[in-house]
Structure formats: C-alpha cells, structure tokens
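Have a look at the structure below before the remarks.
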There are 2 protein chains.
Amino acid sequence: MSRDLYLGVDAGGTAIKYEVAGPGSLACGGGQIPTDPRDAGATLRALAADAAPLLGGAGLPRLAGAGLACAGIVNPVTGWLGRSPNLPGWENSDLGAAMHAAFGDVPVALANDVNGALYGEYRHGAGRGHRDVVMIALGTGVGGAVIVAGSLLLGQHFGAGEIGHMVLDDDGPPCACGSRGCLEAWAGSTGLLRAARAAVAAGTATPALTRLVAARGADLETRDLAGLAGEGDASASTLFAAAGRRLGQAVANLVNVLDPDCVIIGGGVARAGDLILGPCRERALPLVLARGAKDVPIIPAELGPRAAAVGAASLAREKAQEVR
Amino acid sequence: MSRDLYLGVDAGGTAIKYEVAGPGSLACGGGQIPTDPRDAGATLRALAADAAPLLGGAGLPRLAGAGLACAGIVNPVTGWLGRSPNLPGWENSDLGAAMHAAFGDVPVALANDVNGALYGEYRHGAGRGHRDVVMIALGTGVGGAVIVAGSLLLGQHFGAGEIGHMVLDDDGPPCACGSRGCLEAWAGSTGLLRAARAAVAAGTATPALTRLVAARGADLETRDLAGLAGEGDASASTLFAAAGRRLGQAVANLVNVLDPDCVIIGGGVARAGDLILGPCRERALPLVLARGAKDVPIIPAELGPRAAAVGAASLAREKAQEVR
C-alpha cells in the first residue's frame, strides 16, 4: 500500500472537520468529530481513529502528510500555537508534536484558519489560476489572508492578514477589539445584527424587519436578514449595502497596496451574495488607482466551510513534496 | 580596467540625479543634471556624459550595471514605462531600450521612484537588516512601497504600494485623486498647507501662524510650518499632530495586514521628525493586533533625497549578480 493520501484538518472551537485528498484532487472524503477544546492530543487521536477507514485502516498506512488549520497565532515553522481564544486548552503548545503523536512520522503542515481557507480556495476554489490573492472572511468576526506570488503572507510575528481590523472611520461603531470603525464592526455578523437591531430600535426599519427581529430575538442570524433582503425588503437590503460599501472601501485600500489579481470574499455573511458583493464592487472599483487593477475580480469563495480543511490538505501535500 | 561600478539614476520631472556605487558600498560619487521631460534618450545620453569621469571615462569602461527609478507605472521585466505624469515625453516608451542606448550592453534595472527609495533604505539606510519593510513617502503627494521577504512587492499591474490613497474616512478632505479622506489628503504637503490656510481662514490659528501664512503666501512650505511648530507654536504643532494621527491609522492598517518588521517614513514632510512621528506612533501602536507587532519600529528614512538613486544602483547590482 503506497502513501498517497493527504489529511487536512480544520480545528474549530466546537467541531474538528477533516478532508482527505489525493495527490492532485480536491478531496475524496472527510468527516467531523467534536473538538475537546481542553485537549489537543485527545482530539487529534480521536480524529485519527475516525479517519482511519479512509487512510488504509489502523496505522494510517496510506497517509502521506497531514495539515492542520486553526484560529490563533500559528507558527508554521516551529509548529507552535500561540494565542487561540477558541481553543483555550490548545494554546501555547507544540501542535506540531501533537500532530506527529496522532498521525505518525509524516510531513506536517500548520496554518491559521483563514490562511488555510485561502490556500484551499487558491488551490481548488475561487483562486485557481491566480498568483496574488487576497481573501476576506466575513464571519462573526472578519478575518483575512494574503497570497503573494503563490505563497501565504505570514508576517514577522505570524500576525499578517488582520484585514478585519483595518480602521475605516475613526468615528465608526465600536469593534470587539476595542477600537472603533474596524471593517469587522460593519461587515462581521455581530456588526450586521447590531445594525439591524439599532434600525428597529430607532423606528426606521420596515415592518417586516421589525417583525423578524422581534420573532427571532437572540437567535437572529445574518441568514435571516439575507432571506428578508432577498425578498426585496428595503431595510434588510440597506443593511447589507452599508456593510458592502465598507467592505468595498477595505478592498480598495488592499488593492491599492497589494495590486492582487483576485479578491475572494468568504464566510457566512458572504452567502448573502450580490446583496453585499454588488455594493462592495460599486464602492471599491472607483477607488482603485492602477488602471489595470480597476477590473480586479471581487468574487465569492467556492468551498464554503470546507475551505480550511481542503487548504490544510493542500499545504500538507506541498510540505511532503518539499521534503521529498 | 574591470567593470566594478553601478550607476543609479533617479529621474524627476525637473532634475535627474545619479549615484555611483561600488560592489558593496553605499555610493562613491554622484551628480545631477536637468531633466528634459520630453526626451528620455537625450536626458540619459547627457547623464552618461556627465557621469563618465566617475565611470572610467568615455565608453564607461567601469560600468557594471545601471538602474533607473522614476515616478509612474514601471514594468521592471519588460522595461516599459506606462503612465508617468511628471515625464510626459517619457511615458509609454521602452525605457529599458533607452537605458541600453545610453549606457551600453550592461544589465539594466528599472523601478518606480518610491520602490527605488525603499530599496535604497532597505540596502543602505533605515531598513538595513530587516526583511519585511513598508515605506511611506510624505511628499506633495504620498507614495508607498512594500518589501516582502526581501523582494519589492510589484503587484499584478505594477500598481502596488499606493498607500497614499488608502481611504481613512469617507468624510475626509478631498484628495487630488478624486476621492475623499485618502491618507494623502491629510499627510501630503498639499493637505498640510491647505489645513494651515483653513485654520487661518477660520480664525482658529495662533497669531504666529496667521502671520506666517500671510507673509509666505503662495510660497508657504511644510518646512515653514515645521519651523514654527519646532518653536512650540500650538497651531502649527496641531497640524502635524493631526497628519501624524492619520498616518498612524494608515500604518496600523498596514501592520495589521502585512506584519512587517519595520515601517520607514520618508519624504519632505517627514523631516518634521517627531512632530509627526510621535502622534503617528501614539495612534498606530494601540491599533496593532498581533502582540509581537506592537513594538514594530516606525522610523524616519535615512537617505533623504538620495534614496531612489541609491536604490536604483542597488537594484542594478543585484540584476548584474543575477545575470552572472
């Protein structure tokens, strides 16, 4: 049996997802188990057992490399995981060693979650065929990642890509980071939901949005707002348009600094599609200076929640090819 | 006689400056002649004649490589100069061919002016010993350049580094580019002078600033304002502090995206020193997210107006070493 398969793992605070990929393929299988946020080693051993049937059985004889993406400050060279708020029992530990303990003596790659997602999109999704790619992931918070000339931009302290905390207006809404006017405060789901509730509280919302906010209460999600906007509701559409315009300002700022050939917008909020991407493009493109960059594609991610695990598998494959 | 010297040229709209550098040295001589903004070939031939005594005489027998930096969209691969507002007769032409026509069959390197200046600072100035460096040049306008892992970031359309047009506030002052609230509108000299005149017109300026603005009229320069601020004038200091805080917002946005190990502030306005760098650091550092990046050095450029020519000579040296 030859070692021909790569495992990509995406470790979130509640679930740990995996994808198994062949030498050139996107993925040929995968699964998900609960995360033990206090114990990386136990979680990864349970994952190895769960994935074993896809990898040739116990001992994982077909495994040629394993990659792991998780939120936090990840040093892909030493394998060290620094601060990682969603995985309190994993942070400040040697995640590379934990990976080897679970998966054996195969090449191991590590990345932070948005870097993993961008790498997945770059190899197998919306970024295929591009070389300089920016990704913005609109989730509860807003993350980002950058590929320059085919390589992930890591930064001196493995802190690059914090696009969500680009300050777009000193007087903007407060952000979870303590600043005001960060992109995240407008275009993350927390910001969008707050804006929806504020519109209702101010009495400026349509009756439909007012009813929705009352009915859903604390369970309100951006997908509820996107559904209403999709039905043509003016208040809900305005919320996404405002977020989209701020996203556009951030995209233009990035395009002017980096001049990439592709900007990918991912994350749950991006599932609102052109409700947010339309106003984003409309705001961004006139702000772009370089003539050739004025038609830079600003496109939705393709791999959805699988992106980070797919990217981790791709990174493992490249690590294995380097080693060889 | 061996070919052991490198020529670096900085082509501005009125003057063309040059520096001659040895294999490892900063520069061992240089000079300046007027630019003919309508004729690149004639200007470069005149420059070759002017520099000949430093390069072994006619025929330039000691010249091992030549670099040229100029404002505009420069394709360093093909040698093509696209849009270049200060050099109307040079734009849309094969500058690489013009360099060879003037300097013979030696390796030729091209760069835009801020990339050239950053490369000079990186090799021989404030950026020595760093690997990931951002530069912001505060002149009439505001330019920028980025080095990632030791290489200039060019971008897909050779348009990277337009840091001056990062939009920091939708409602900010108008910028020459047609947008509002670009960094340049606050921290370029045009923006600073406008703010000074506006303070006087509004009657909020100190008597000293009011007198200065009246006395200097259309000849007012940022160095006049810096002189007054240096004497402790509150209004003049406030102008630099406001520009510095906006510069700090831009620096933080860049540090959060790129996580460099050094940020260099150059250009004429930066000669105001801590009047502008103090408020810049004060605003920037609390906005930086990655723990390790919170003490990123934000430092003044060292090479002043020589930077771009020094950088062009360094780029020529590296091109020659690649070719060999």
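Every residue in segment A:263-284 that is within 17 Å of residue A:168 (Cβ to Cβ) and part of a helix (DSSP H, G or I), please. Within segment A:263-284, A:269, A:276, A:279, A:280, A:281, A:282, A:283, A:284 qualify.
Taking residue A:61, is it within 21 Å of residue A:92 (Cβ to Cβ) and surrounded by 14 or more Cβ atoms within 10 Å (Cβ to Cβ)? Taking the combined requirement at face value, the residue does not satisfy it. Has segment B:303-317 got any residue that is free of Cβ contacts under 8 Å to residues at least 60 places away in the same chain and either more than 13 Å from every other protein chain (Cβ to nearest Cβ) or among the β-branched types (Val, Ile, Thr) (or both)? Yes, the conditions are met somewhere in segment B:303-317. Report, by residue number, each residue of segment A:127-159 that is among the hydrophobic types (A, V, I, L, M, F, W, C), within 7 Å of chain B (Cβ to nearest Cβ) and without any contact (Cβ under 8 Å) to a residue 24 or more places away in the chain. Result: A:153, single match. Being farther than 26 Å from residue A:259 by Cβ and among the hydrophobic types (A, V, I, L, M, F, W, C) holds for only one residue in B:101, B:97, and it is B:101. Scanning segment A:286-302 for residues that are of a type in the set (A, V, I, L, M, F, W, C) and not in a helix (DSSP H, G or I), we see that the one that is nearest to the other protein chains (Cβ to nearest Cβ) is A:290. Given the criteria surrounded by fewer than 20 Cβ atoms within 10 Å (Cβ to Cβ), in contact with a Cys (Cβ under 9 Å, 6 or more places away or on another chain) and over 30 Å from residue B:296 (Cβ atoms), does residue B:92 qualify? The answer is no for residue B:92.
Here are some residues: A:178, A:143, A:150, A:188. Which one is of a type outside the set (Phe, Trp, Tyr) and within 30 Å of residue A:232 (Cβ to Cβ)? Step by step, each of A:178, A:143, A:150, A:188 is checked, and only A:188 is of a type outside the set (Phe, Trp, Tyr) and within 30 Å of residue A:232 (Cβ to Cβ). Take residue B:164 and decide whether it is more than 7 Å from chain A (Cβ to nearest Cβ), under 23 Å from residue B:301 (Cα atoms) and not in a strand (DSSP E or B). Here the answer is yes, as residue B:164 does meet what is asked. The set of residues from segment A:239-285 being without any contact (Cβ under 8 Å) to a residue 12 or more places away in the chain and either at the interface with chain B (Cβ under 10 Å from one of its Cβ atoms) or of a type in the set (S, T, N, Q) (or both) comprises just one member, A:257.
State whether the residues of segment B:16-32 include one that is of a type in the set (S, T, N, Q) and under 19 Å from residue B:118 (Cα atoms). Checked segment B:16-32: at least one residue is of a type in the set (S, T, N, Q) and under 19 Å from residue B:118 (Cα atoms). Residues in segment A:170-202 that are in contact (Cβ under 8 Å) with a residue 60 or more places away in the chain and of a type outside the set (Gly, Ala, Ser): A:183, A:186, A:192.
So, in segment B:64-77, of the ones that are β-branched (Val, Ile, Thr) and in contact with a strand residue (DSSP E or B) (Cβ under 8 Å, 6 or more places away or on another chain), which residue ends up surrounded by the fewest Cβ atoms within 10 Å (Cβ to Cβ)? The selected residue is B:73.
Residues of segment B:161-179 being at pLDDT 95 or above and out of contact with any helix residue (DSSP H, G or I) (no Cβ under 7 Å at 6 or more places or on another chain), which ones? Of everything in segment B:161-179, just one residue is at pLDDT 95 or above and out of contact with any helix residue (DSSP H, G or I) (no Cβ under 7 Å at 6 or more places or on another chain), namely B:169. Flag set for residue A:273, criterion: surrounded by fewer than 21 Cβ atoms within 10 Å (Cβ to Cβ) and under 18 Å from the mean Cα position of the chain (by Cα). Which condition from (1) in contact with a helix residue (DSSP H, G or I) (Cβ under 7 Å, 6 or more places away or on another chain); (2) closer than 29 Å to residue B:151 by Cβ; (3) modelled with pLDDT of 95 or more is the one that residue B:30 breaks? The one condition residue B:30 does not meet is (3). Only residues that are over 15 Å from residue B:135 (Cα atoms) and surrounded by fewer than 22 Cβ atoms within 10 Å (Cβ to Cβ) were counted in segment B:291-303, giving 4.
Listed here are the residues, each with its yes/no results for (1) surrounded by fewer than 18 Cβ atoms within 10 Å (Cβ to Cβ); (2) over 19 Å from residue B:100 (Cα atoms).
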site: B:8; (1), (2): no, no
site: B:15; (1), (2): yes, yes
site: B:18; (1), (2): no, no
site: B:26; (1), (2): yes, yes
site: B:29; (1), (2): yes, yes
site: B:35; (1), (2): no, no
site: B:46; (1), (2): yes, no
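Can you name the residue in segment A:174-209 that is part of a loop (DSSP other than H, G, I, E, B) and more than 14 Å from chain B (Cβ to nearest Cβ) and is also nearest to residue B:285 (Cα to Cα) among such residues? This residue is A:188. Of the residues examined, residue A:251 is one that is among the aliphatic types (A, V, I, L, M), part of a helix (DSSP H, G or I) and surrounded by 22 or more Cβ atoms within 10 Å (Cβ to Cβ).
The values are calculated or read from the model by the stated rules, or taken from the named source; none is laboratory data. This one's a predicted model, so the numbers in the text were calculated from it and none came from an experiment. Please note: Cβ atoms are built from the backbone with ideal geometry, for glycine as well, and neighbour counts cover all protein chains shown.
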